[in-house]
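The values are calculated or read from the model by the stated rules, or taken from the named source; none is laboratory data. For clarity, every value in this text was computed on a predicted model and none was experimentally measured. In this analysis, Cβ positions are derived from the backbone assuming ideal geometry, glycine residues included, and neighbour counts consider all displayed protein chains. Only protein heavy atoms, including side chains, enter the accessible area calculation; ligands, DNA and RNA are left aside. Shrake-Rupley method; radii C 1.70, N 1.55, O 1.52, S 1.80 Å.
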Amino acid sequence: MPSDINQLTAGRQVTGLRQVLDCPATPAVLRQGPAAAPGEAPDWLALLCPAHSEALPGWPGTAADTAGLSLSCGSVLDYRSAEQLLQSHADRWLTPLTGVDPKTYAGVWPDVLDQADRVMRARLGEDAADGDETLHSLAMMLGMASRNAAEGNLYQATVLLAYCKTLAQRL
């Protein structure tokens, strides 16, 4: 298994970058997510400072050297396809929050995100002026993700959904 960031990222295209922690510390540990198949490189890499590495022992993956990359603690480099990223969002927060299951729409992501957007708007009420600011922000970003998916830009939709995931953690 490669032990440094340069070996792990060589020749691979980053499909997503998200910030899962609000920590300005310099990362010293690289957590590697599982690979899609045996012998393949990990699906994602998370850079953590020593304190967060110790505080998050349950995070999957092994530690590796972070030399050669200057990002803050909590940065996650993703190498999964748009469909894999979308399924991850559905599994982790979108379906639990909206009840919209991608299987119901045969994995047609523009339809999934359109329905999730409709559910969120209905939850808020079309003219809701008051209420939870986090929920309003999440609904706004989900609507943008839905529009991007409808235009065929699934990767851009995943960027917006990564922000939604951060907001959903506050609910």
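Brief remarks on what is shown
- Cβ crowding within 10 Å averaged over residues, with 103-112, 23-32, 42-51 ranked highest first: 42-51, 23-32, 103-112
- The phi torsions of the range 160-171, fed into the Karplus equation with coefficients 6.51, -1.76 and 1.60 and a -60° offset, translate into couplings of 5, 5, 5, 5, 4, 4, 4, 5, 4, 5, 7, 6 Hz, rounded to whole numbers, with Gly and Pro shown as x.
- Accessible solvent surface per residue of the range 130-171, calculated while the other protein chains remain in place, 1.4 angstrom probe, Å²: 53 Å²
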